[in-house]
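Below is one structure, written out as structure tokens; the observations come after it.
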There are 4 protein chains.
Amino acid sequence: MTRITVWNEHVHERRDASVARLYPSGMHGAIAGGIRRELAEAAEVRTATLDEPEHGLSAEVLAKTDVLTWWGHAAHDQVADAVVERIHARVLEGMGIVILHSGHYSKIFKRLMGTSCALRWRSDPGGERELVWTVNPGHPIAAGVPHPIVIPHQEMYGEYFDIPPPEALVFISSFAGGEVFRSGCCYTRGAGRLFYFGPGDQEFPVYHQPEVQRVIANAVGWCAGGARGNDLPSDRGQSPSTKRDWYMQPA
Amino acid sequence: MTRITVWNEHVHERRDASVARLYPSGMHGAIAGGIRRELAEAAEVRTATLDEPEHGLSAEVLAKTDVLTWWGHAAHDQVADAVVERIHARVLEGMGIVILHSGHYSKIFKRLMGTSCALRWRSDPGGERELVWTVNPGHPIAAGVPHPIVIPHQEMYGEYFDIPPPEALVFISSFAGGEVFRSGCCYTRGAGRLFYFGPGDQEFPVYHQPEVQRVIANAVGWCAGGARGNDLPSDRGQSPSTKRDWYMQPA
Amino acid sequence: MTRITVWNEHVHERRDASVARLYPSGMHGAIAGGIRRELAEAAEVRTATLDEPEHGLSAEVLAKTDVLTWWGHAAHDQVADAVVERIHARVLEGMGIVILHSGHYSKIFKRLMGTSCALRWRSDPGGERELVWTVNPGHPIAAGVPHPIVIPHQEMYGEYFDIPPPEALVFISSFAGGEVFRSGCCYTRGAGRLFYFGPGDQEFPVYHQPEVQRVIANAVGWCAGGARGNDLPSDRGQSPSTKRDWYMQPA
Amino acid sequence: MTRITVWNEHVHERRDASVARLYPSGMHGAIAGGIRRELAEAAEVRTATLDEPEHGLSAEVLAKTDVLTWWGHAAHDQVADAVVERIHARVLEGMGIVILHSGHYSKIFKRLMGTSCALRWRSDPGGERELVWTVNPGHPIAAGVPHPIVIPHQEMYGEYFDIPPPEALVFISSFAGGEVFRSGCCYTRGAGRLFYFGPGDQEFPVYHQPEVQRVIANAVGWCAGGARGNDLPSDRGQSPSTKRDWYMQPA
């Protein structure tokens, strides 16, 4: 059983009629619904949003979260630094995290990447076609995913995307203008796993598309595969200077 | 359900009394037993050895194998090239493969790596202590593994080990002489996954050690996580020159 | 001073009038010319072709080659296995190698990669526009390269490209049809370095384009940066069993 | 000509007589001296320390620095956040950075890594033997380096070292106690390059050892190989929505 918290800043849906029409239950509703359908009994999904106390991400909630998904765009600055540090610590302990689309500029993603996370973009009112190509067919996140995924209308995100080179690159997208984008990127941070996924904009119904939901569910599964029972994190620190072979002693 | 074939050249056990005493059911017996105990109902384990027809690795067997484990040492040259090519093709299609210890010099490992796979070694009659340290605590292959694994008696394998840089490095070993060795290495080849694991010599009871069995079972699980249902391999080749947007056509 | 051997099968130029017109001195002539212009005094460039004895790649020539560039297409099978093994051994010793375009199906590339090296392609008579985007701006191979390089007419090469995940990915291309391709890929094999570069087809004047020449010259420079004076390759093999601290002994 | 700034907090040398005896010109003196000897005319080396205004790292100094080396231990917290952000921005623009030993806990290293950078250590009064093994013999940082480097007396630094998996791993160390440590790690951040090197403690004369000086000089050379003239960093941001093929327009 994987315990998932779907986080959404939930600002556009309440402010912009066009977004509210696309996502009447919020983007978190669509994302959570897709994960539930794909993972069924294997998942326990809750949601959390910016305006809840502690953004719905108290220490208790995070302690019971195996994988956190993150969508934010208009209100990155309103996320409290203390909550960001709490999430960061949990990732290093082994919690997985899936960063979606404009989450590339969130505090937590920049904190985990160590770079500016800037990218090139173009906001065409009608969007443009994005093709998502698999470049790592044996990766679990690509399981059952068409090659390419065709997303009819989407905001262009292009290179250079200022991220550390991914440890595994699963997807590369192209756009109608000819730009390319590393749109499926895997990382390890401490005992935790992170996946960045490019598709998904508040102005288009991308999170209702089954192939996109499949990728997100696969990503949740992959991120949940991190540390389980390994005692490393508590194991760090100074070793006794008098016994070099401390690992040979009975515990 | 993961279908596993445990392959062993099965030469030392029939030739050397010391090895026969350690491994009365063959090294494949010990390895298969460990996987069965760790994965229980999730695994279906068969074994195969060099002197069976086609080394027990017919097209039919490989077609029903999700993960192959490989131990060889004295008879690498006796493995038929046609069988090596068959295994190679199956790995690219998505079959996982776990290469154990002296399998570093097997034809299939060299074929998949593209390098000489040479290493430094020392055969002390009584062996020497190997410590296996985890350097990627969130990797599923390290789940539940002590830090370090202490192997009391083992042959020294040291750097430089002529392999491509691993895509993920899970374990590093040190030996009594002070040498180090990249002893847990992950690779992707086509849609298949490969794990190389250093410990395990015919002269020492390493494959009876529960922590080592745990690592092998974890590795089988990780390698089984490759391509499932993704239609990429059959999807390659020439695209029609008259339709650039072939991916928009109904199938 | 970097000593470079530019290898070309030199078949199309003598067979196809259209290619002869584009490359009157052979494709090797254009490639060598570009390297000479870019590296000037820092380079000593010779060429070699398929129909020379030993394909112009005798042990003597390879011993004096720091970086080999490779273009082949119609005659991969005519390259002698013994020459392939000789090149392979030199790469592991530290010689750099730059594989160009259709060289993806050469024996030496497949030997070094361990995969099928298959890809998707489309041969439109007039070609189509390729855009080459930099995704690793600090890599020396990208130095001074426009973002993107625009290649007006080129054959489409697309994913899935069956190669091991590159150790560093420098360029990603898109094509008029919307396909993407990992077109600038770095690898280490033994003490040698390899760079694969996608652009360049016999039917189009790609190797006369200054930006493409710049990339190839940069790649030669990067590949030349491999092993220099490190005594590792001769250092492998069995260590004396009686002295564990052999590295403390006077040489 | 590579312009290098050698930074040292310069606290231990003024506080502890044992350190002052080992490093009468400060650790920065020994480090700078080694780089000067190894790189000779190719390098212009200056030094900077914590108690200078802006820690000797004004915007002017950084603008003229191609590679910064960093040693700190007792006073990480006294480094001003504004200076850390300035260094961070310069790295993303293309400045190289070499982090030495206890610099693993510096603000700038943690900022660039995104992890805790914790490790295991043991402070034996007399230190213990460290062996530094090369695992990437073709990497320029290993050029001319013995295998292994024997450091007679050094503080133990061991795994788990909480860093992102290195993009290239050049060295692995072992210690008298049997611990291992990833002691030579390469990263890319934006257009800049980073190398972490483990050896070097204030209590031992490690930075006077010629092999260690060679590694540091090689690392400076590698880090200097980042972005030169590529126009990417200024090239990011929003693209005009009305012209999808902006890259085809005259500049």
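Read the figures in this text as sums done on the coordinates, not as results from a lab. Predicted model, so just to flag it, every value in this text is computed and none were measured. Using ideal geometry, Cβ is built from the backbone for each residue, glycine included, and neighbour counts are taken over all protein chains shown.
Tell me whether region A:25-73 comes out rounded, prolate or oblate; compute the Cα gyration tensor, take square roots of the eigenvalues as a ≥ b ≥ c, and use a/c under 1.5 as the rounded threshold. Since a/c reaches 1.5 but b/c is at least a/b, the shape of region A:25-73 is classed as oblate. With the label put 7 angstrom out from Cα along the Cα-to-Cβ vector, A:Ser18 ends up 4.5, 6.8, 7.7 nm from the copy partners, going from closest to farthest. For chain D, the longest principal axis of the C-alpha atoms and the axis of helix D:210-223 are separated by about 10°. Taking amide H as placed 1.01 Å from N in the peptide plane, the amide H of C:Arg122 sits under 5 Å from that of B:Ser239, C:Met156, each at least 5 places away or on another chain.
Largest mean-square fluctuation among C:Ala40, C:Ala224, C:Ala142, in a Gaussian network model of chain C whose springs join Cα atoms under 10 Å apart, belongs to C:Ala40. Derived scalar couplings between HN and Hα for region A:61-73 equal 4, 5, 4, 9, 10, 8, 9, 10, 10, 9, 10, x, 7 Hz in order, rounded to whole Hz, by the Karplus curve 6.51 cos²θ - 1.76 cosθ + 1.60 (θ = phi - 60°), x for Gly and Pro.
Close amide H pairs (under 5 Å, H built 1.01 Å from N) link A:Thr69 with A:Thr5, A:Val6, A:Trp7, A:Val98, residues at least 5 positions away or on another chain.
Nothing charged except the Cβ atoms of Lys and Arg (+1) and of Asp and Glu (-1): what's the magnitude of the dipole of region C:118-164 about its Cα centre? Round to the nearest 20 debye.
That gives region C:118-164 a dipole magnitude of about 100 debye.
Here region D:1-125 is assigned +1 on the Cβ of each Lys and Arg and -1 on the Cβ of each Asp and Glu. Its dipole about the Cα centre then comes out at about 320 debye. Where Lys and Arg each count +1 and Asp and Glu each count -1, what net charge lies around D:Arg86 among other residues with Cβ under 13 Å from its Cβ? Residues close to D:Arg86 contribute a combined charge of -2. Could you point to the residue in A:Met113, A:Thr65, A:Pro53 farthest towards the positive end of region A:1-151's charge dipole, with +1 and -1 charges on the Cβ of Lys/Arg and Asp/Glu respectively? Result: A:Met113, furthest along the dipole toward the positive end.
3J(HN,Hα) along region B:124-141, derived from phi through the Karplus expression 6.51 cos²θ - 1.76 cosθ + 1.60 where θ = phi - 60°, amounts to 7, x, x, x, 8, 6, 10, 10, 10, 9, 7, 10, 9, x, x, 7, x, 6 Hz, with x in place of Gly and Pro.
The shape of region C:168-212 comes out oblate: with a ≥ b ≥ c from the C-alpha gyration tensor, a/c is at least 1.5 while a/b does not beat b/c.
Averaged over the residues of D:127-135, the number of partner chain Cβ atoms lying within 10 Å of the residue Cβ comes to 5.
Using only DSSP helix segments of four residues or longer, with each worth -39500 (n - 2.57), what per-residue ellipticity at 222 nm results for the protein assembly as shown after dividing by its residue count and rounding to 500?
The helix-only estimate for the protein assembly as shown comes to -7000 deg cm²/dmol at 222 nm.
Taking the number of Cβ atoms within 10 Å of each Cβ as an exposure proxy, the fewest-first ranking of B:Asp66, A:Asp81 is A:Asp81, B:Asp66. Distances, shortest first, from the label point of C:Asp77 to those at the same position in the other copies read 3.0, 6.7, 7.3 nm; the point lies 7 Å along Cα to C-beta. Once the Kirkwood radius over Cα pairs is known for the protein assembly as shown, the Stokes-Einstein relation at 10 °C and 1.306 mPa s delivers a diffusion coefficient of 54 µm²/s. Evaluated on region A:76-232, the Kirkwood hydrodynamic radius is 16.0 Å, with distances taken between all distinct Cα atoms. Label point of D:Glu54 (7 Å along Cα→beta-carbon): distances to the other copies' equivalent points are 4.1, 6.0, 7.3 nm, sorted ascending.
Taking Lys and Arg as +1 and Asp and Glu as -1, the other residues whose beta-carbon sits under 9 Å from that of A:Met156 total -2. For region C:96-104, 3J(HN,Hα) computed residue by residue from phi via the Karplus equation (6.51, -1.76, 1.60; θ = phi - 60°) reads x, 9, 10, 9, 10, 6, 5, x, 4 Hz, glycine and proline entered as x. Residues B:Val11, D:Val98, ranked from the fewest to the most other C-beta atoms within 10 Å, line up as B:Val11, D:Val98. Relative to the longest principal axis of chain D, what angle (0 to 90°, nearest 10) does the C-alpha long axis of helix D:81-93 take? The angle comes out at about 60 degrees. Pairwise Cα separations in region D:54-125 fall into 5 Å bins from 0 onward with the following percentages, short to long: 3, 15, 27, 28, 15, 6, 4, 2, 0. Here's how it looks for C:Ser183: its modeled amide H is under 5 Å from those of C:Phe171, C:Ile172, C:Ser173, which are all 5 or more places away or on a different chain. Structural descriptor for chain A: relative contact order 21 percent, calculated from alpha carbon pairs under 8 angstrom and at least 6 residues apart. By the beta-carbon count within 10 Å of each Cβ, the least crowded to most crowded order of C:Phe175, A:Phe181, fewest first, is C:Phe175, A:Phe181. Overall, the ratio between the Cα radius of gyration of region A:1-122 and 2.2 N^0.38 Å, rounded to two decimals, is 1.04.
Closest approach to the axis carrying A onto C, counted by Cβ on chain A and given in whole Å with its residue, is A:Ser174, 2.
Taking Cα centre as origin and charging only the Cβ of basic (Lys, Arg, +1) and acidic (Asp, Glu, -1) residues, the dipole magnitude of the protein assembly as shown rounds to 0 debye.
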